[in-house]
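To start, the structure under review is shown below, and the notes come after it.
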Amino acid sequence: MTTWSDFRAAAPDLEARAKAILTSTTNCVLGTVRADGSPRLSGIDPFFVDGELHLGSMPDARKADDLRRDP
């Protein structure tokens, strides 16, 4: 799985712009794919710890299931 540090190393200008967008609001949307292939949109609160991106989610949330199945 790619980390935020990998992204920063590969594309520092794009990473800086993406981080500015993610930290400018508390209203973000994550798009994932359900097991049947249909899209799912979920509200998220992204945050950074030690320079790495984290997404808050309850362990049994559907978006968490989607990400575990298809990282």
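Laboratory data are not the source of any read-out in this text; all were calculated from the coordinates shown. Please read these numbers as outputs of a predicted model, since none were measured by experiment. Positions of Cβ are backbone-derived with ideal geometry, glycine not excepted, and every protein chain shown enters the neighbour counts.
How much FRET efficiency would the formula 1/(1 + (r/R0)^6) give for ALA11 and ASP36, where r is the Cβ-Cβ distance and R0 is 25 Å, rounded to 0.05?
Values: r = 32 Å, r/R0 = 1.30.
According to the calculation, E is roughly 0.15.
Which of LEU41, PRO71, ALA10 sits farthest toward the positive end of the charge dipole of the chain, with +1 on the Cβ of Lys and Arg and -1 on the Cβ of Asp and Glu?
Working it through, the farthest residue towards the positive pole turns out to be LEU41.
Along its principal axes, what span do the Cα atoms of the stretch 4-69 show, with the longest given first and each in whole Å?
The Cα atoms of the stretch 4-69 stretch 35, 23, 18 Å along the principal axes, largest first.
Using Cα springs under 10 Å in a Gaussian network model of the chain, which residue among ASP13, ASP60, ASP36 shows the largest mean-square fluctuation?
Residue with maximal mean-square fluctuation among ASP13, ASP60, ASP36: ASP36.
Figure the gain on full extension for ILE21 and ARG62 (residue separation times 0.36 nm, minus the Cα-Cα span) and round it to one decimal in nm. Before the final figure, lay out the partial values.
Numbers: separation 41, 0.36 × 41 = 14.76 nm, distance 2.47 nm.
Separation in residues times 0.36 nm, less the Cα-Cα distance, equals 12.3 nm.
Under the rule of -39500 (n - 2.57) per DSSP H run of 4 or more residues, summed and divided by the residues of the chain, what mean residue ellipticity at 222 nm is obtained, to the nearest 500 deg cm²/dmol? Can you show the working numbers first?
Working: 3 runs with 27 residues, N = 71.
Value at 222 nm, helices only, nearest 500: -10500 deg cm²/dmol.
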